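Bear in mind that the values in this text are calculations on the coordinates, not laboratory data. As the structure is a computational prediction, the values presented were derived from the model and not from experiment. Positions of Cβ are generated from backbone atoms using ideal geometry, with glycine treated the same way; all protein chains shown enter the neighbour counts.
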Amino acid sequence: MGSTHPVIVKVAAPKRGKITIETSDGFRYHADLSPLSRVYCYPKSNKEWAAVSIDDFGTALIWKNRFEVHVDQIVGLAKKVERPSFSRAA
């Protein structure tokens, strides 16, 4: 049996070029997307960078200016991967 690919469930864009996603498999990826800055539609300002959303399938991030990055690209460019700890209610 195969396994499903993780989907993006949460995104944060703290500053231009940096992205943090949480995926359905319980991991958090911190990635630097600045190597993609030569792409024509790469967001040009922090304001444009902050205008990011998860696509309908959870497989990519899309910016208002139509710049798009797939979850596999984010994972590949991740500088840090962690499994967030969740506190359980008693």
**Message:** Out of the residues in region 44-71 meeting the condition of being part of a helix (DSSP H, G or I) and without any contact (Cβ under 8 Å) to a residue 40 or more places away in the chain, tell me which one is surrounded by the most Cβ atoms within 10 Å (Cβ to Cβ).
**Reply:** Trp49
**Asked** Out of region 27-66, which residues are farther than 14 Å from Ala12 by Cα and β-branched (Val, Ile, Thr)?
**Response** Val39, Thr59
**Request:** Identify, by number, the condition in (1) closer than 15 Å to His5 by Cα; (2) touching a Phe, Trp or Tyr at 6+ places or on another chain (Cβ under 8 Å); (3) loosely packed, with under 13 Cβ neighbours inside 10 Å that Ile74 doesn't meet.
**Result:** (3)
**Fill in**
Only one of (1) more than 15 Å from Lys15 (Cα to Cα); (2) free of Cβ contacts under 8 Å to residues at least 24 places away in the same chain; (3) not in a loop (DSSP other than H, G, I, E, B) does not apply to Val81, and that is (2)
**Answer residue from region 12-32, given it is surrounded by 15 or more Cβ atoms within 10 Å (Cβ to Cβ) and of a type in the set (A, V, I, L, M, F, W, C) and is farthest from Lys79 (Cα to Cα) among those** = Ala13
**Request:** Working only within region 33-43, note down all residues that are surrounded by 12 or more Cβ atoms within 10 Å (Cβ to Cβ) and among the basic types (Lys, Arg).
**Result:** none
